[in-house]
Structure formats: C-alpha cells, structure tokens
1. Please verify whether A118 is open to solvent by less than 10 Å² (accessible area, probe 1.4 Å), over 29 Å from A10 (Cα atoms) and more than 8 Å from the ligand (Cβ to nearest atom), treating the condition exactly as stated.
2. Scan segment 88-126 for residues that are among the hydrophobic types (A, V, I, L, M, F, W, C), within 10 Å of A58 (Cα to Cα) and not in a loop (DSSP other than H, G, I, E, B) and jot them down.
3. When you check Q77 against the structure, is it over 16 Å from L18 (Cα atoms), open to solvent by less than 40 Å² (accessible area, probe 1.4 Å), within 12 Å of the ligand (Cβ to nearest atom) and at pLDDT 95 or above, yes or no?
Amino acid sequence: MFQIDAASPADLEVVQGLLSEAGLPTSDLGVARPQFLVVRERKAVIGAGALQRFGAAALLRSLVVADGHRKRGLGRQIVEALEQRAAEQGVGELILLTETAADFFERAGYRLIERSRAPAAVQESAEFRSLCPSTAVCMGKVLTAAHSA
Ligand SMILES: CC(C)(COP(=O)(O)OP(=O)(O)OC[C@H]1O[C@@H](n2cnc3c(N)ncnc32)[C@H](O)[C@@H]1OP(=O)(O)O)[C@@H](O)C(=O)NCCC(=O)NCCS
C-alpha cells in the first residue's frame, strides 16, 4: 500500500537523494522551492514530483520513482496527483522538460512543443535557462476542469 501526499520539510533530503541518483537537477531547489508531492510506502519515500508555479502555468518537474519501484504505475499516479493539484490551484497549463521520459509523458497526454512556445515566465526559470540541457525536449498539457474533479 502506498499513499501520495504533500512533502514535509523532513522529506526533502530523501527527495534530493532520489533526484541526484536519477541525474535530475537539485541545485535550484532551495531558491525555486517547488511544491513537492511524495509517494510513501511503509513510511519510506519512494517517489516524488513537483509543481513550480508561474502565474497561470506551472512547470511539472523533479518527477522521480526510486529504482526498484519503477514500472508499477507510481510515476503515472504522481503525475495525475500533480495535475489535480495544479487544476485546483487554477493552473491552466503544465510545461515540462525531459531528456529520458518523453514517451512516458506522451502516454499521459503531454505533447511536444517548441521551448519558445512555453509561457515566457516558465522560460525564465533556472531549469529552462541553464539546468536542463538543450537536448531535453519541452512538452505541455492544457488542463481542463476534469483534472480537478
Ligand atoms: C519516468 C519515471 C518517473 C516513470 O516512473 P514509473 O513509476 O516507472 O512509471 P509508470 O510505472 O507509472 O509508467 C507508466 C507507463 O509509462 C511507461 N514508462 C515508464 N517509464 C518510461 C520511460 N522512461 N520511457 C517510456 N515509457 C516509460 C511504463 O512502461 C508504463 O507504460 P504502460 O502504461 O503502457 O504500462 C521513472 O522512470 C523515473 O524516475 N525515471 C528517472 C527520472 C526521470 O527521467 N524523470 C522524468 C524527468 S522530469
């Protein structure tokens, strides 16, 4: 049995460890302070994902499932929980950058977009400007009311 809920400050060290192991950026987390959700199983944090708000849009970032717990549907469930939370907060569009998981996100309804078509504020984020390599693809998904149902 696992549950997905908001990260507490005490979870962040474990989350940073998971992100580092997966090769995802952590250096801007202290400044960007994205809102993390975590997956807990028997009190252990085994996955995470975050939203970084930019007005009506948000960056979906730092999605990770611990090696050994992948391919169980957890990644998909974290994405759905982030979409629900974003829609509840009035976010209309989610944007992400990924080097390795474009197929995964495509199955979840995300579509490739030009980086230059992402909302300007999102393009100003550290993840866009410097942390994600230029080989990372940009994807987006427009949220509808159904996501907050
Ligand atoms: C990407 C990641 C979060 C997926 O987590 P997961 O829990 O294994 O994903 P799920 O089990 O929910 O997979 C859902 C579907 O996507 C598929 N899938 C998972 N990872 C995939 C990948 N990297 N590429 C293509 N398809 C993938 C699964 O086979 C599954 O397909 P199905 O629905 O047809 O069975 C995980 O592989 C991970 O932590 N990767 C390293 C970090 C990363 O790349 N994060 C994304 C950048 S923001």
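1. On the way: open to solvent by less than 10 Å² (accessible area, probe 1.4 Å): yes; over 29 Å from A10 (Cα atoms): yes; more than 8 Å from the ligand (Cβ to nearest atom): yes.
So A118 passes the test.
2. Residues satisfying the conditions are L94, I95, L96, A121, V122.
3. Working: over 16 Å from L18 (Cα atoms): yes; open to solvent by less than 40 Å² (accessible area, probe 1.4 Å): no; within 12 Å of the ligand (Cβ to nearest atom): yes; at pLDDT 95 or above: yes.
No: the conditions fail for Q77.
The values are calculated or read from the model by the stated rules, or taken from the named source; none is laboratory data. None of the values given here were measured: they were computed from a predicted structure. Virtual Cβ from ideal backbone geometry, glycine too; neighbours counted across all protein chains shown. To get the accessible areas, we keep the full protein, side chains included, count just its heavy atoms, and leave off ligands, DNA and RNA. Shrake-Rupley method; radii C 1.70, N 1.55, O 1.52, S 1.80 Å.
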